[in-house]
Amino acid sequence: MEQNCITCFSNRTESLEAKIKALKLKYNLQKLDFNFAEFYIEIFKVKNIDELLDRINEPEEIPFWAELWPAARGLAQFIIQRRELLAQQTVLELGTGVGLAGIAAKLAGADLVHTDFAPDALEFVKLNYHLNQITDGKLLLADWKTFPTNLAQFDYLIGSDILYEKLLHDNLIGIFQALVKPGGAIWLADLGRDYAKLFIDKIAKYNWQISKEQIAVTERSQEMLIDIYQLTRKNS
């Protein structure tokens, strides 16, 4: 897949079994299922990302994308609760991982582009589209440090657990400033990390109206509160 270019894909020519077989050559897979209102979503992820740590050479290569984190579940739930807002809207997802939140937006009727810096994350998105009987999608392989800011602007930008690295905050602000339409919005989910709060304080100096809600998710029988930041771009 070419970097920094939006790629369209279709599941019409390859079977679900073939996709599963291809990823099983590299990963131990686990399938999870979620019920959000009347929406039922199934997701394949890597069973245990600790098994992948011996493959990395640098800290930035840690495959966080391969896990399905609580913040992604919180964002997916938030999206489904507000699905009427996303119908027929253009949406860009940053740090899609295995694709849960983006798939929720897609099922809500959004014209969605999934993005990640890891090629295999986007292969999991393709698999999970097939698993949820979604035929066609759009992908973008891109690193936030060199993200293409010459794309057409989007109505919404979404992301979960993307504020954890302080050194990338300026890159994210540049993406937000370039790619969200006037009057558009950003939905960010985070597990209450200090770096997320630092980012919100920083971007508040720009032309954004900011609010926060919390979504409760249950992880291993423990309830967690996920912060959902809503940033609305002012028209002026």
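The values are calculated or read from the model by the stated rules, or taken from the named source; none is laboratory data. Since we're looking at a predicted model, the values are computed, not measured. Neighbour counts run over all protein chains shown; Cβ positions are idealised from the backbone, glycine included.
Each residue in segment 44-78 was checked for being among the aliphatic types (A, V, I, L, M), part of a strand (DSSP E or B) and in contact with a Lys or Arg (Cβ under 7 Å, 6 or more places away or on another chain), and 0 pass.
Against the condition at pLDDT 90 or above, among the aliphatic types (A, V, I, L, M) and buried (at least 23 other Cβ atoms within 10 Å of the Cβ), how does A71 come out, does it pass? Reasoning before the result, please.
Details: at pLDDT 90 or above: yes; among the aliphatic types (A, V, I, L, M): yes; buried (at least 23 other Cβ atoms within 10 Å of the Cβ): yes.
Against the criterion (at pLDDT 90 or above, among the aliphatic types (A, V, I, L, M) and buried (at least 23 other Cβ atoms within 10 Å of the Cβ)), A71 qualifies.
Beta carbons closer than 9 Å, at least 6 apart along the sequence or on distinct chains, pair a first residue in segment 84-105 that is hydroxyl-bearing (S, T, Y) with a second that is surrounded by fewer than 18 Cβ atoms within 10 Å (Cβ to Cβ) for T90/D111; T90/A152; T90/Q153; T90/K181. Given the structure, is I134 hydrophobic (A, V, I, L, M, F, W, C), more than 27 Å from Q209 (Cβ to Cβ) and either modelled with pLDDT under 95 or surrounded by fewer than 21 Cβ atoms within 10 Å (Cβ to Cβ) (or both)? Against the criterion (hydrophobic (A, V, I, L, M, F, W, C), more than 27 Å from Q209 (Cβ to Cβ) and either modelled with pLDDT under 95 or surrounded by fewer than 21 Cβ atoms within 10 Å (Cβ to Cβ) (or both)), I134 qualifies.
Identify the residue in segment 220-236 that is loosely packed, with under 12 Cβ neighbours inside 10 Å and on the phi < 0 side of the Ramachandran plot and, among all such residues, is farthest from the chain's Cα centre (by Cα). So the residue we want is S236. One residue alone among A101, A18 is in a helix (DSSP H, G or I), in contact with a Gly (Cβ under 9 Å, 6 or more places away or on another chain) and either of a type outside the set (D, E, K, R) or surrounded by 13 or more Cβ atoms within 10 Å (Cβ to Cβ) (or both), and that residue is A101.
I'd like to know if segment 6-19 contains one or more residues that are within 20 Å of G159 (Cα to Cα) and either in contact with a Cys (Cβ under 7 Å, 6 or more places away or on another chain) or of a type in the set (S, T, N, Q) (or both). Break it down stepwise before answering.
Let us first name the residues in segment 6-19 that are within 20 Å of G159 (Cα to Cα), namely 6-7.
After this cut, where a residue has to be either in contact with a Cys (Cβ under 7 Å, 6 or more places away or on another chain) or of a type in the set (S, T, N, Q) (or both) as well, the list is 7.
Checking segment 6-19: at least one residue is within 20 Å of G159 (Cα to Cα) and either in contact with a Cys (Cβ under 7 Å, 6 or more places away or on another chain) or of a type in the set (S, T, N, Q) (or both).
In the set K24, K31, which member is without any contact (Cβ under 8 Å) to a residue 12 or more places away in the chain and among the basic types (K, R)? First the steps, then the outcome.
Values: K31 fails: without any contact (Cβ under 8 Å) to a residue 12 or more places away in the chain.
Only one candidate qualifies: K24.
Counting the residues of segment 196-209 that are surrounded by 14 or more Cβ atoms within 10 Å (Cβ to Cβ) and in contact with a helix residue (DSSP H, G or I) (Cβ under 7 Å, 6 or more places away or on another chain) gives 3. Criterion applied to F39, F34, F78 was being surrounded by 14 or more Cβ atoms within 10 Å (Cβ to Cβ), under 25 Å from W144 (Cα atoms) and among the aromatic types (F, W, Y), and the one residue passing it is F78.
Identify, please: which residue in segment 5-60 is acidic (D, E) and closer than 27 Å to I80 by Cα and is, among those, modelled with the highest pLDDT? Result: E42.
Within segment 207-234, residues that are in contact (Cβ under 8 Å) with a residue 12 or more places away in the chain and more than 12 Å from L188 (Cα to Cα) reach partners that are surrounded by fewer than 13 Cβ atoms within 10 Å (Cβ to Cβ) and basic (K, R) with beta carbons closer than 8 Å, at six or more positions or on different chains, in the pairs N207/K234; W208/K234; Q209/K234. S236 meets each of the listed conditions (1) among the polar types (S, T, N, Q); (2) assigned to a loop (DSSP other than H, G, I, E, B); (3) at pLDDT 95 or above apart from (3). Within segment 85-98, the only residue that satisfies the criterion of being over 9 Å from I158 (Cα atoms) and assigned to a strand (DSSP E or B) is T90.
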